[in-house]
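The values are calculated or read from the model by the stated rules, or taken from the named source; none is laboratory data. Being a predicted model, the structure only gives us computed values, none of them experimental. Methodologically, a virtual Cβ is constructed for each residue, glycine included, from the backbone with ideal geometry; neighbour enumeration extends over all protein chains shown.
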Amino acid sequence: MERPIGMFDSGFGGLTVARALIDLMPAEDIVYIGDTGRYPYGSKPLDEVRGYAGELAWSLVKEYNVKAVVVACNTATAAGLDDLRAVLPVPVLDVVEPGVRALVQTTQTGRVGVIGTVGTVSSGAYVRAIADTGVPVSLTSAACPGFVEFVERGQTTGDEVTVLAERLLAPIRDADVDALLLGCTHYPFLARTISDVMGHAVTLVSSADETAFAVRDRLVELGLEQTTAGVGRHRFVSSGDVDTFRELGSRLLGPELDHTEHWEPPAP
């Protein structure tokens, strides 16, 4: 089907999912909205984030005629996924469930960790998702305020990031986990630092690749996949400064992000 796949995130984090989708399904058109004018979501009330998620998702459906919506933001998933699935006329896919499936398949000891924003961790979304798998694992969660802001500034390594990571990841290290889910789509950009702090015996699990597989499988199941060959069109839209989004986004994603359009949130 010729219609694009729609994606949204609070900013740049969902580009990890976009990268995985582009690599897995190169013929698919993609529209990505980064809500950089209102990020970060992690410290905001979930009701507020739920409202943002609705605006972004409906914009993708009405303005860009997408055939599916990928909520490429863990905080928005925790806040509003069920609501979006109840009202949108297209399939809605998330990053939480695919990441959890990969996490419980990765662990050998049954001791796993999840890190995310304050909003995601406090929502209990990962606790519920892991319980739904039925796999008996011991979960330790930690909120990591500040990680998103570093990524949004393009600062993914260095002493400041390392010092913050050592402090925030201490409870996860103390729990002796062997697998750690990066429960925010921004966090893979900090994977090198997180891995150095956790130690190489701990496997880092990113939901990006698993989400891409889930999107592909759902589109095939519904007969919505792109069946013609070629390279899809990739549109990147930002509610913030488009030049900043293009410059930093192209460093994080790659050459596909060479142009950014502006998106205006609806007036209150």
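A quick yes/no check of all residues on (1) of a type outside the set (Ser, Thr, Tyr); (2) surrounded by fewer than 14 Cβ atoms within 10 Å (Cβ to Cβ):
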| site | (1), (2) |
| --- | --- |
| Pro136 | yes, yes |
| Thr140 | no, no |
| Ala143 | yes, no |
| Gly146 | yes, no |
| Glu149 | yes, no |
| Gly158 | yes, yes |
| Thr162 | no, no |
| Arg167 | yes, yes |
| Ile172 | yes, no |
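Going through Asp23, Asp35, Asp29 one at a time, which residue ends up being of a type in the set (Asp, Glu), under 19 Å from Pro265 (Cβ atoms) and in the same structural domain as Ala86 (by TED's automatic domain parsing)?
On the way: Asp23 fails: under 19 Å from Pro265 (Cβ atoms); Asp29 fails: under 19 Å from Pro265 (Cβ atoms).
Answer to the check: Asp35.
Go through (1) farther than 15 Å from Ser207 by Cα; (2) surrounded by fewer than 20 Cβ atoms within 10 Å (Cβ to Cβ) for Ala79 and report which single condition fails.
(2)
What residue, among those in region 232-254 that are closer than 15 Å to Tyr32 by Cα, out of contact with any Leu (no Cβ under 6 Å at 6 or more places or on another chain) and free of Cβ contacts under 8 Å to residues at least 24 places away in the same chain, is surrounded by the fewest Cβ atoms within 10 Å (Cβ to Cβ)?
This residue is Arg246.
Would it be correct to say that Phe213 is within 19 Å of the chain's Cα centre (by Cα), under 19 Å from Thr156 (Cβ atoms), of a type outside the set (Gly, Ala, Ser) and in a helix (DSSP H, G or I)?
Working: within 19 Å of the chain's Cα centre (by Cα): yes; under 19 Å from Thr156 (Cβ atoms): no; of a type outside the set (Gly, Ala, Ser): yes; in a helix (DSSP H, G or I): yes.
For Phe213, the condition - within 19 Å of the chain's Cα centre (by Cα), under 19 Å from Thr156 (Cβ atoms), of a type outside the set (Gly, Ala, Ser) and in a helix (DSSP H, G or I) - is not met.
Within region 131-144, does at least one residue satisfy the condition of being within 15 Å of Leu182 (Cβ to Cβ), within 15 Å of the chain's Cα centre (by Cα) and not hydrophobic (A, V, I, L, M, F, W, C)?
No, that holds for no residue.
Does region 165-175 contain any residue that is outside any helix (DSSP H, G or I) and farther than 18 Å from Val95 by Cα? Give the derivation first.
Keep residues of region 165-175 that are outside any helix (DSSP H, G or I), which gives 169, 175.
Imposing the further condition that a residue be farther than 18 Å from Val95 by Cα reduces the set to 169, 175.
Checked against the condition, which is being outside any helix (DSSP H, G or I) and farther than 18 Å from Val95 by Cα, region 165-175 yields at least one hit.
Can you work out which of the residues in region 215-231 that are among the aliphatic types (A, V, I, L, M) and either loosely packed, with under 15 Cβ neighbours inside 10 Å or out of contact with any Leu (no Cβ under 6 Å at 6 or more places or on another chain) (or both) is nearest to Arg251 (Cα to Cα)?
Step one: filter region 215-231 for residues among the aliphatic types (A, V, I, L, M), giving 215, 219-220, 222, 224, 229, 231.
Imposing the further condition that a residue be either loosely packed, with under 15 Cβ neighbours inside 10 Å or out of contact with any Leu (no Cβ under 6 Å at 6 or more places or on another chain) (or both) reduces the set to 219-220, 222, 224, 229, 231.
Values: Leu219: 29, Val220: 31, Leu222: 34, Leu224: 31, Ala229: 27, Val231: 21 Å.
That would be Val231.
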